[in-house]
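Encoded as structure tokens, the structure appears first; notes follow it.
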Amino acid sequence: LDEPTSQLDPVAGDELLGVLRRLNEEWGTAVVLAEHRLERAGPMADRAVVLGAGRVVAAGPPGTVLGDLPGAPPVAHLGHLLGWDPVPLTVRDARRLARAHPLDLSELGGVDDRFASPTPPSSPEVGVGASGDVLVAARGVAVGHAGAAPVVAGIDLELRAGEIVALLGRNGAGKTTLLRTLADLAAPLRGTVERRDRVALLPQDPSSLLFSPTVRAEVAETCRLLGHDRAGVDLWLDRLGLTPLADRHPRSLSTGERQRVAVAAVAVGGAPTLLLDEPTRGIDAASRAALETAATEHAAEGGVVVIATHDVELAARCATRVVVLGGGEVVADGPARDVLSGSLFAPQVLRVLPPFLTVAEVAAALAALGRGAS
């Protein structure tokens, strides 16, 4: 199975992996999973194989092989930070180690802005998470087909400069429909959408945007169509780690690389509001890190980024705000820490060492106390 959980919400992903586990254990069926979401697939594996440049670079027990990868589960990175041995791959193992090696951070008096993710570049105008101007506002928006139940019903939502908004929800909750409506690609049945400036949408399938012979030409084509100069081409190639691939054909690239090219082709147009629909599906850790950095920098410059995703770890690392859809309605909307702490979307580190959301927050807290892990 090639990336079978990349577009599934956490509950559906766990259900699929449960079916595969039963096929393996009860029927003796061999299962081979190509996966980047190792927090899901890693713990159920009997053996792990890592490929690099078309060759096997590591193979063996998952605990030995996966724990050192950049894309290892967050609890594995937490284990490295705190010196746990063996490095855990599951929340259950991490909790056991946390009990055996308690970490006293009581002197901090809780988590505050000094330790919270993200930590964006400084900006003279607006920083990530600042309360900036409203760039897009949906008022009582309902979207669907005439005669059928609305896919999105009664949405009220404001997107402000400086925000990175993670849009979460189960498959079919209405995330894609809402993004298309905010981008003026779907007309609401009721309600209005007010846009202060241009809005750019990255669809789920990046290949639908890629048709030029090189990566550089693909990004430059957006500038040509909009009548802009090409000054931003090199900026976005560099920001998304695409400069070494600038002369390659986009369709010769990996899924994660194509995804980054599509983001660059959308963002180079200069729209303050970027709507990204499942931008991390099927991408590796390096591509995900480049995307997170680009989103953080765009928000720090006074834009807003909305990321529709099932990747709660990404939301924990870079979102300032989380909006959860359910049945076409907003069921939660607030600061990332508050929403993630009180939902099924809690990231791994929070389940092991609350109230921390990420490994970076734990590292910052330790540094603030002037000591390393014990």
Check: So which residues in the stretch 331-374 are touching an Asp or Glu at 6+ places or on another chain (Cβ under 7 Å) and among the hydrophobic types (A, V, I, L, M, F, W, C), if there are any at all?
Finding: L369
Next item on the list: Only residues in the stretch 205-216 that are over 13 Å from L242 (Cβ atoms) count as the first member; pair them with residues that are open to solvent by 70 Å² or more (accessible area, probe 1.4 Å), Cβ under 8 angstrom, at least 6 apart or cross-chain, and list the lot.
Entry: S207/R251; P213/H249
Check: Looking at the stretch 2-31, which of the residues that are under 25 Å from the mean Cα position of the chain (by Cα) and open to solvent by 40 Å² or more (accessible area, probe 1.4 Å) is nearest to G52 (Cα to Cα)?
Finding: D2
Next item on the list: Could you please find all residues in the stretch 208-246 being more than 24 Å from A286 (Cα to Cα) and among the aliphatic types (A, V, I, L, M)?
Entry: L225, L226, A231
Checklist line | In the stretch 211-227, residue surrounded by the fewest Cβ atoms within 10 Å (Cβ to Cβ) [restricted to those that are in contact with a helix residue (DSSP H, G or I) (Cβ under 8 Å, 6 or more places away or on another chain) and among the small types (G, A, S)] | finding: S212
Notebook entry, point to check: For the subset of the stretch 228-251 comprising residues that are within 13 Å of G270 (Cβ to Cβ) and in contact with a helix residue (DSSP H, G or I) (Cβ under 6 Å, 6 or more places away or on another chain), which member is surrounded by the fewest Cβ atoms within 10 Å (Cβ to Cβ)?
Noted result: R230
Notebook entry, point to check: farther than 25 Å from D14 by Cβ, in contact with a strand residue (DSSP E or B) (Cβ under 6 Å, 6 or more places away or on another chain), of a type outside the set (S, T, N, Q) and modelled with pLDDT of 90 or more, is that true of G140?
Noted result: yes
Check: So which residues in the stretch 50-61 are in a strand (DSSP E or B), touching a residue at least 12 places away in the same chain (Cβ under 8 Å) and either open to solvent by 30 Å² or more (accessible area, probe 1.4 Å) or under 21 Å from E3 (Cβ atoms) (or both), if there are any at all?
Finding: V50, A59
Next item on the list: Could you list, in sequence order, all residues of the stretch 263-276 that are touching a residue at least 60 places away in the same chain (Cβ under 8 Å) and surrounded by 24 or more Cβ atoms within 10 Å (Cβ to Cβ)?
Entry: V263, A267, L274, L275, L276
Notebook entry, point to check: Which one of these is within 30 Å of V324 (Cα to Cα) and open to solvent by 50 Å² or more (accessible area, probe 1.4 Å): R95, R47?
Noted result: R95
Checklist line | Subset of the stretch 157-204 (residues that are buried (at least 21 other Cβ atoms within 10 Å of the Cβ), charged (D, E, K, R) and either part of a strand (DSSP E or B) or touching a Lys or Arg at 6+ places or on another chain (Cβ under 9 Å) (or both)) | finding: E163
Notebook entry, point to check: Restricting attention to the stretch 145-156, and to residues there that are closer than 21 Å to T309 by Cα and open to solvent by 10 Å² or more (accessible area, probe 1.4 Å), which single residue is modelled with the highest pLDDT?
Noted result: D156
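The values are calculated or read from the model by the stated rules, or taken from the named source; none is laboratory data. Everything numeric here is computed off the predicted structure, so don't read it as measured data. We place every Cβ from the backbone using ideal geometry, glycine too, and count neighbours over all the protein chains shown. For the accessible areas, the whole protein counts, side chains as well, though only heavy atoms, and no ligand, DNA or RNA atoms are used. Shrake-Rupley method; radii C 1.70, N 1.55, O 1.52, S 1.80 Å.
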